[in-house]
1. Reachable lysines from LYS10, Cα under 24 Å, same-chain residues fewer than 8 places away excluded?
2. Which one of ILE39, ALA21, LEU4 is farthest out on the positive end of the charge dipole of the chain, using unit charges on Cβ (Lys, Arg +1; Asp, Glu -1) and the Cα centre as origin?
3. Be a star and scan the range 39-67 for residues whose amide nitrogen sits under 16 Å from the point 7 Å along the Cα-to-Cβ vector of ILE20.
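Please treat every number below as a calculation from the coordinates, not as lab data. Source: prediction; values computed, not measured. Please note: Cβ atoms are built from the backbone with ideal geometry, for glycine as well, and neighbour counts cover all protein chains shown.
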Amino acid sequence: MSNLDEMVKKVRKLQLRAAIAKTNLRDLVEGLPNKWTEIEEVAEKAHAVYAELHSARRELAKMRTLR
């Protein structure tokens with residue numbers, strides 16, 4: 001498997017993780033104000049996965065242009 005194929009696979013996995021993080025944020029909002037203590041933890045996880053996805057997408061775009 002080439003590096004490009006591996007990066008595509010990584011981006012797809014990160015997209016799934018990002019979708020789950022987004023769902024967790026929605027669930028948290030629906031549970032407010034009772035779940036207010038979870039805001040920071042859920043938001044940090046979502047932020048981390050979206051940052052990783054953003055970086056991976058940029059790297060994939062760079063790999064595709066160099067190809």
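1. Counting by Cα, and skipping residues close in sequence, LYS10 has these lysines nearby: LYS22, LYS45, LYS62.
2. LEU4
3. Inside the label zone: 42-53.
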